[in-house]
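This report concerns only the one structure given below.
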Amino acid sequence: MLSLENVNVAYGDVQVLWDISMSIGQGDLVALVGANASGKSTTINTLSGLVKPLSGTILFDGQPIHDMDPHKVVELGVVQVPEGRQLFSHMSVMENLELGAFTREARKSKKKNIDMIFDILPDLKAKAKTFAVELSGGQQQMCAIARGLMAEPKLLMIDELSLGLSPLLAQQMFDLVKRIHEQGITILLVEQNVRQSLHIADDAFVLENGCVAMCGKACDLLEDEGLKRAYLGM
């Protein structure tokens with residue numbers, strides 16, 4: 001579904017991604033993990049069209065998207081749930097969800113998708129008229145993910161799922177991602193929590209200093225001694 005080949009990205013004179021190559025198959029749940037400043041968010045922002053690569057190619061369903069404007073990327077079905085949720089804080093949950101139906105096709109299915117989301121997230125339904133700023137951290141993350149689902153993604157990219165959440169709430173978010181994946185949606189999960197991410201993912205890529213340091217089946221990487229020492233404290 002998605003492939004990156006030798007993608008290089010810089011901010012001004014500072015290069016932050018070096019020859020990144022990775023692929024995601026349709027229906028997969030793929031984890032992109034690594035420490036702070038390893039290049040995870042830059043990778044996802046490049047996939048969204050928010051950052052343009054210096055070189056390399058990005059294909060989605062065989063179509064080049066590396067030079068495409070962000071709204072065109074969304075129209076193809078590549079949808080990002082941004083780091084820090086980025087909700088419209090003084091708008092209600094329902095209004096945030098409605099704004100997620102960005103594309104023409106998504107607007108046609110807005111009512112059906114809202115019903116589907118409230119079926120998956122009944123707690124969010126109870127807060128439909130509540131301003132986003134009044135939600136707890138976990139509820140805000142639910143709302144951000146739900147807003148992404150309103151765009152009817154073929155590929156849902158979630159940046160820093162557990163950021164700022166307690167261990168209990170973080171576990172609930174990982175469980176939510178698994179439920180969404182079971183609906184048939186392809187997911188790229190960008191996370192610092194390596195252990196939890198690898199437990200739910202099919203495949204994984206480990207970034208280190210802007211390069212892919214490891215990749216493979218998530219279950220195999222969990223048993224990798226080098227990864228255990230570097231990221232799991234074992």
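The numbers here are math on the coordinates, done by the rules we state, and not lab data. Predicted, not measured: the structure shown is a model, and the values here were computed from it. Methodologically, a virtual Cβ is constructed for each residue, glycine included, from the backbone with ideal geometry; neighbour enumeration extends over all protein chains shown.
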P(r) of region 188-232 in 5 Å steps, Cα pairs, percent per bin?
5, 23, 40, 26, 6
Find, to one decimal place in angstroms, the Kirkwood hydrodynamic radius of region 55-108, where the mean of 1/r is taken over every pair of different Cα atoms and then inverted.
13.1
Using θ = phi - 60° and the Karplus curve 6.51 cos²θ - 1.76 cosθ + 1.60, what whole-Hz ³J(HN,Hα) does each residue of region 31-48 get, with Gly and Pro shown as x?
9, 10, 10, x, 6, 4, 6, 7, x, 4, 5, 4, 4, 5, 5, 5, 4, 7
Given H placed 1.01 Å from N in the peptide plane, which residues other than close sequence neighbours of H66 have an amide H under 5 Å from its amide H?
I58
Once the mean of 1/r over all distinct C-alpha pairs in the chain is inverted, the Kirkwood radius in Å reads 18.0
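In what sequence, highest mean first, do 142-151, 83-92 appear when ranked by Cβ atoms within 10 angstrom? Numbers along the way, then the final one.
On the way: 142-151: 23.9, 83-92: 15.5.
The densest-packed peptide leads the list: 142-151, 83-92.
Please state the equivalent ellipsoid semi-axes for region 127-172: what are the square roots of 5 times the Cα gyration tensor eigenvalues, largest first, in whole Å?
Numbers: eigenvalues 68, 52, 11 Å².
Semi-axis lengths for region 127-172 are 18, 16, 7 Å.
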I'd like the distance between the alpha-carbon centres of region 104-118 and region 180-230, rounded to an integer number of Å.
31
Kirkwood-Stokes translational diffusion coefficient of region 4-139, alpha-carbon pairs, 25 °C, 0.890 mPa s, µm²/s:
144
Whole Å is fine, so just give me how far the alpha carbon centre of region 74-96 lies from that of region 9-26.
24
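Can you order the peptides 185-194, 169-178, 30-39, 67-76 by their average number of other Cβ atoms within 10 Å per residue, highest first?
Ranking, from highest mean packing down: 185-194, 30-39, 169-178, 67-76.
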